[in-house]
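Heads up: the structure comes next, in C-alpha cells.
Any read-out appearing in this document is the output of simple, stated calculations on the displayed coordinates, not a laboratory observation. Owing to the predicted nature of the structure, the values given are computational and were not obtained by experimental measurement. Here the Cβ is made from the backbone with ideal geometry for all residues, glycine too, and neighbour counts use every protein chain on show.
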Ligand SMILES: Cc1cc2nc3c(=O)[nH]c(=O)nc-3n(C[C@H](O)[C@H](O)[C@H](O)COP(=O)(O)OP(=O)(O)OC[C@H]3O[C@@H](n4cnc5c(N)ncnc54)[C@H](O)[C@@H]3O)c2cc1C
C-alpha cells in the first residue's frame, strides 16, 4: 500500500504551443493510465479511436478561440438563435465576433446546425486545421467557405492579450489533480467544466505498472502517529488486501466496489478562467471540505501568479479571512 500527498500540475504549455491534439491525447490517457503509450505520432490514432468508440467527452479537453468577421450581421443573428449551449460568443464590434468552445461543442454544432452559414464557415476552417477532430463529420462535398464570412483562429498570444472580461470567458486552463475520490466527487459537481478521470473500472491496481498495490491519499484530518491515523491506516491495509484478493477471481470493476474515499485518483479539469474563479471562490474557502481546501489553496496561489488580473484579488480576500 502506498500513501501519497495530494498534488496538481497546471498543463498550460499545450495551449501556449498550440498542441491541441497532444493535449487531448494526454487527457484521454489518464482514464486508462496508459500515458506510457504516448509517442510523437500517437495523438491522431488515439483521437480516431476515441471518436469511433463515441467517447467524445475526451474532445472537450481543449479550447478553440476564433474571430468571425461578417459583411452582414444576419448570419450572426441566426447563429445566436441556436443558443449554442457550450460555446461562448461575444461581439467585438459591429462586424466582428469572438467565438470559443471546445472541439466537441463545434462537433455538436456541425451535427445539429449544419445549414447555418456561420457554422459552415467555422467547420470549414476547423476541419482544415484539425482534420482528426472534425473530418468524420464532413459532408460529402466538404464544408464550403461562405461569401461574406471570414473565420480565423486566434493565436495563444492573442487570446492572452484579450481584455479582462473577454479573457476570463474565452481562455481555458487545464489542470491535472492527484487527490482522493471524495475530492473528485465534489469537484465534478461544477457543471461548467470538463473532466476526465482515472477509471477504477479499467485500472487493475494489482498489476506491476501500479506496483501491485493500491495508492491512498494521506488524510489531512489525522496527525501521523495518532490513534486515529493508525485506525485509518489499518482500514486501508485491510481494504487493499481484500481488493487484491477479489482481483484473483473478478474484474477491476467488481473489485473496486470495496475501495474507499481515500483512494488516490487522477483527474483532468478543463475550464474557462471564469469557471476556475467560481470553483476557487467556493472550494478554497474555509467553508469547503478541508481535503478540498488542501489542494485548492495552492492552486489559487499558482493561478494568481499566472493570471494576477483574474485571481490575485480572490487570493488576497481568502488570505484576509
Ligand atoms: C461548502 C459547500 C457545501 C456543499 N454541500 C453540499 C451538500 O451537502 N449536498 C450537495 O448535493 N451538494 C453540496 N455542495 C455542492 C454544491 O451544491 C454545488 O453543486 C457545487 O458547489 C457546484 O457549484 P455551482 O452549482 O455553484 O456551480 P457550477 O456547477 O460550477 O456552475 C457555475 C454556474 O453556472 C450556472 N449553472 C450551471 N448549471 C446550471 C443549471 N443547471 N441551472 C442554472 N444555472 C446553472 C450557475 O450560475 C452556477 O453558479 C456543496 C458545495 C460547497 C461549496
Tell me, how many Å apart are the Cα centres for the stretch 287-304 and for the stretch 189-225? 18 Å
Ranked 2, 286, criterion: other C-beta atoms within 10 Å, fewest first: 286, 2
Figure the gain on full extension for residue 317 and residue 278 (residue separation times 0.36 nm, minus the Cα-Cα span) and round it to one decimal in nm. 12.7 nm
The chain: percent of C-alpha pairs farther apart than 38 Å? 23 percent
Extension gain residue 80-residue 201, at 0.36 nm per residue separation less the Cα-Cα distance, in nm? 39.5 nm
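So for the stretch 45-192, averaging the separation of alpha carbon pairs under 8 Å that are six or more residues apart and normalising by length, what relative contact order in percent results?
With pairs under 8 Å counted, the relative contact order is 27 percent.
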Over the C-alpha atoms of the stretch 64-170, what are the Rg and the largest Cα-to-Cα span, Dmax, in Å? 13.0, 41
Can you tell me the FRET efficiency between residue 261 and residue 145 if r is taken as the Cβ-Cβ distance and R0 is 41 Å, rounded to the nearest 0.05? 0.20
Using Cα centres only, tell me the gap between the stretch 133-183 and the stretch 1-50 in whole Å. 18 Å
Across 10 Å bins beginning at 0, the whole-percent shares of Cα-Cα pair distances in the stretch 140-199 come to 15, 29, 26, 22, 8, 0
Degrees, to the nearest 10: 273-283 long Cα axis against longest axis of the chain: 30 degrees
Could you tell me the largest-minus-smallest coordinate of the C-alpha atoms of the stretch 244-321 on each of the three principal axes, in descending order and whole angstroms? 55, 24, 16
Once you place label points 7 Å from the Cα toward the Cβ at residue 57 and residue 226, how far apart are they in nm? 3.5 nm
Cα-based Kirkwood hydrodynamic radius, the stretch 27-69, one decimal, Å: 11.8 Å
Hey, in the GNM for the chain with a 10 angstrom Cα cutoff, which one of 50, 83, 99 fluctuates hardest? 83
Find the relative contact order for the chain and round it to a whole percent, using C-alpha pairs within less than 8 Å whose residues are 6+ positions apart. 23 percent
Which order do peptides 179-191, 271-283, 218-230 fall in by mean Cβ count within 10 Å, highest first? 271-283, 179-191, 218-230
I want to make sure I understand the PRE zone here: with the label point 7 angstrom from the Cα of residue 10 toward its beta carbon, which residues in the stretch 131-164 have backbone N atoms less than 15 Å away? 160-161
Taking other Cβ within 10 Å of each residue's Cβ, how do 145, 262 sort, fewest first? 145, 262
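First measure r as the distance between the Cβ atoms of residue 96 and residue 210, then evaluate 1/(1 + (r/R0)^6) with R0 = 56 Å and state the FRET efficiency to the nearest 0.05.
That pair, residue 96 with residue 210, gives E of 0.65.
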Can you give the calculated 222 nm mean residue ellipticity of the chain, where each DSSP H run of n ≥ 4 adds -39,500 (n - 2.57) and the sum is split over every residue, rounded to the nearest 500 deg cm²/dmol? -13500 deg cm²/dmol
What fraction, in whole percent, of alpha-carbon pairs in the stretch 1-51 exceed 12 Å separation? 69 percent
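Which length gain, in nm to one decimal place, applies between residue 39 and residue 249 when the Cα-Cα distance is subtracted from 0.36 nm times their residue separation?
Gain in length upon complete extension: 72.2 nm.
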Degrees, to the nearest 10: 20-32 long Cα axis against longest axis of the chain: 30 degrees
Sorted from largest to smallest, which semi-axis lengths in Å does the alpha carbon gyration tensor of the stretch 126-254 give for its equivalent ellipsoid, taking the root of 5 times each eigenvalue? 46, 23, 11
Candidates 88, 23, 63: whichever shows maximal mean-square fluctuation once the chain is modelled as a Gaussian network with Cα springs under 10 Å: 88
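What are the semi-axes of the equivalent ellipsoid for the stretch 11-87, taken as the square roots of 5 times the Cα gyration tensor eigenvalues, largest first, in whole Å?
Working: eigenvalues 198, 45, 21 Å².
So the three semi-axes of the stretch 11-87 are 31, 15, 10 Å.
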Would you look at the GNM of the chain, springs on alpha carbons closer than 10 Å, and say which of 61, 292, 236 moves the most? 236
For the stretch 117-206: relative contact order, % (alpha-carbon pairs under 8 angstrom, 6 or more apart): 21 percent
Using only Cα atoms, tell me the angle between helix 290-306 and the longest principal axis of the chain; keep it within 0 to 90° and round to the nearest 10. 40 degrees
